[in-house]
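Only one structure is covered here, and it is reproduced in the block below.
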């Protein structure tokens, strides 16, 4: 039996997940249907400034104002996520709703057209994707911990500690994973 849609939830890599593409990753699920799932990694900043990747958009970016590695699939694809100050009619010209106040942003829009409308912006190269039933199986096998996302998670200004902080705000026994060493062999 398939699990319910995880859209808007976080997937947190369990300490046992040994795939280097996802080690200690925190993924926001943007879509999860019977056909598969798609999400972006929230804690893999790249050394590319937002303005370098999308001219004029840097001023709208959330700190740190860099592009993030969204996942191992189609790293030449760009996904821009944002959050609006408030719903507005003009947003239809540059934003498409995803879930709640989370929207996808069309970076082909002139950046000055969104002045005063965006609270947050994060840009990702690539995404994480799963075929039908694949993610459900990985969760059942213990590779991922499903956690309710907090509104601030996609916009964290300290992505390097997101994995630990998301785990530590959970109850026992999940919170105990936050203290799991990077390399258990050195413990």
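Laboratory data are not the source of any read-out in this text; all were calculated from the coordinates shown. Predicted, not measured: the structure shown is a model, and the values here were computed from it. Cβ atoms come from the backbone with ideal geometry, glycine included; neighbour counts cover every protein chain shown.
Key figures
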{"read-out": "Two-site FRET efficiency, residue 131 against residue 18, from Cβ-Cβ distance with R₀ of 25 Å, rounded to 0.05", "value": "0.75"}
{"read-out": "Simple label model, 7 Å out from Cα along Cβ direction - residue 119 to residue 78, nm", "value": "2.5 nm"}
{"read-out": "Cα-Cα P(r), the chain, percent of pairs per 5 Å interval", "value": "1, 8, 17, 20, 20, 16, 10, 6, 3, 1, 0, 0"}
{"read-out": "Relative contact order, percent, the stretch 35-187 [alpha-carbon distance under 8 Å, six or more residues apart]", "value": "29 percent"}
{"read-out": "Burial ordering of 135, 162, fewest other beta-carbon atoms within 10 Å first", "value": "162, 135"}
{"read-out": "Exposure proxy ranking, count of Cβ atoms within 10 Å, fewest first, for 78, 156, 55", "value": "55, 78, 156"}
{"read-out": "For the stretch 20-94: relative contact order, % (alpha-carbon pairs under 8 angstrom, 6 or more apart)", "value": "24 percent"}
{"read-out": "Helix-only [θ]222 nm of the chain, DSSP H runs n ≥ 4, -39500 (n - 2.57) each, per residue, nearest 500", "value": "-2000 deg cm²/dmol"}
